[in-house]
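Since the structure comes first, as C-alpha cells, the remarks are kept for the end.
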Amino acid sequence: MSPIQQALSGTASDAATILATRRKAGIQGARLPLHLRPLDAEAALAIQALVSEQLGDKISAWKCGLPADGQPVLAPIYANTVCRSKPCVAWAHEGQVRVEPELAFVLARDLPPRALPYSVAEIDAAIGSTHLALELIDSRYSDPEQAGFIENLADGLLNQGLYLGPQVDAERALNIATATELAIRVSTETKETTQLQGRHPAGNPRAPLYWLSEFLRSRGQGLQAGQAIITGSYAGSFELPVAQDIAIQYGDLGELSVRFSAR
C-alpha cells in the first residue's frame, strides 16, 4: 500500500490519534497495531503531520539531523512544550527527565516555500540568534528501539520538547562547535558532576538546518521567524533529576542552568 493509499484509507489518521492521545497524556504504550504502522518515511511523515493537526498546537521549533541511511530526520516541536525559563515542566519517569545538549538556531526571518533553493548565505542571514539548548526526550512507545526508525519518525523522533537556554555569540559558537570537541560538564544541586567530551554529529552544527530548509522548501513548506531549530546532540542523551538546580557548561561557550518540574 502506498503512503497516499494508506492516508486515504484512514490508517494514518488512526495511527496519529493513538500517538497524539499518548503525547497529550504523557503515556507510553505498545507499538502501533500492525495494520497502522507506516511502511516508509513518507507514510511516517504523513502521520507526523496529522499528529500536529490533532494536537492543534503551534510549531515553535524543529529538530533535525542530516539524513540517516537516506531517511529524512526531522520532527516538529510544539509551543506548549518549549521552555525558556525555570522551572521547565516536562514529562518525567521515576523523577528523571532525559535530555540532549544542543545548540538552537532561532530564525529572525521567514524562509517560505519558493521555486528556487535557498543558498547557505541566505539561511545564515535568516538566523537571528544562537542559544544553548536541551532537547527534552520522551517516546510514546514503551520500547522505542523495538519500534525502529520509521515508527519513531511518525512519533516525532523521541522528542517531547525543548529548553531554550541563553544566547551565545553565533560566530564563536560555530567556530568552536565545528572545529573542536566541546566539553559538556553537568553539575547538579547534590554536587554530582559529570564530564562528557562532545562533538556535533554533523561536524558543522548548521548543516542539518541547511538540509531542513531545502527539504521543507521542496515539499511546499517553509520555516518561520521565531522558530528554533536544533540539529543534533553533542553528547548523546542522559537523565537529569527533577526538583534540582542543574548547571550545564558547554565548553567555553557558556553555561545553561535549568530546573525541571514533573508535568
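The values are calculated or read from the model by the stated rules, or taken from the named source; none is laboratory data. This one's a predicted model, so the numbers in the text were calculated from it and none came from an experiment. Cβ placement follows ideal geometry from the backbone for every residue including glycine, while neighbour counts extend to all protein chains displayed.
Descriptive notes on the structure:
- Residues being part of a strand (DSSP E or B) and closer than 16 Å to Leu136 by Cβ - total across segment 222-262: 16
- Criterion applied to Ile137, Ile127, Ile150, Ile123 was being touching a residue at least 12 places away in the same chain (Cβ under 8 Å), among the β-branched types (Val, Ile, Thr) and more than 18 Å from Leu103 (Cα to Cα), and the one residue passing it is Ile150.
- The C-beta contact set for segment 159-180 (first residue under 24 Å from Cys88 (Cα atoms) and surrounded by 17 or more Cβ atoms within 10 Å (Cβ to Cβ), second residue at pLDDT below 85 and hydroxyl-bearing (Ser, Thr, Tyr), distance under 6 angstrom, 6+ apart or interchain) is empty.
- So Gly203, is it at pLDDT below 95 and assigned to a loop (DSSP other than H, G, I, E, B): yes
- Looking across segment 76-94 at every residue that is among the hydrophobic types (A, V, I, L, M, F, W, C) and under 20 Å from Phe238 (Cα atoms), the one that is surrounded by the fewest Cβ atoms within 10 Å (Cβ to Cβ) is identified as Val89.
- Residue selected from segment 63-92 under the condition more than 20 Å from Leu132 (Cα to Cα) and of a type in the set (Gly, Ala, Ser), by the criterion farthest from the chain's Cα centre (by Cα): Gly70
- Screening Gln146, Gln195 for residues that are assigned to a helix (DSSP H, G or I), over 17 Å from the mean Cα position of the chain (by Cα) and not hydrophobic (A, V, I, L, M, F, W, C) leaves exactly one candidate, Gln146.
- In segment 29-44, the condition of being under 25 Å from Glu239 (Cα atoms), at pLDDT 95 or above and of a type in the set (A, V, I, L, M) is met by at least one residue.
- The residues listed here are Gly156, Gly161; of these, the one that is touching a Lys or Arg at 6+ places or on another chain (Cβ under 9 Å), at pLDDT 95 or above, at positive phi and of a type outside the set (D, E, K, R) is Gly156.
- From the options Leu153, Leu209, Leu216, Leu223, residue that is under 18 Å from Leu134 (Cα atoms) and aliphatic (A, V, I, L, M): Leu209
- Segment 101-121 - residue that is over 13 Å from the mean Cα position of the chain (by Cα) and among the small types (Gly, Ala, Ser) and, of those, surrounded by the fewest Cβ atoms within 10 Å (Cβ to Cβ): Ala115
- All of (1) farther than 23 Å from Lys86 by Cβ; (2) outside any strand (DSSP E or B) hold for Ala173 with one exception: (1).
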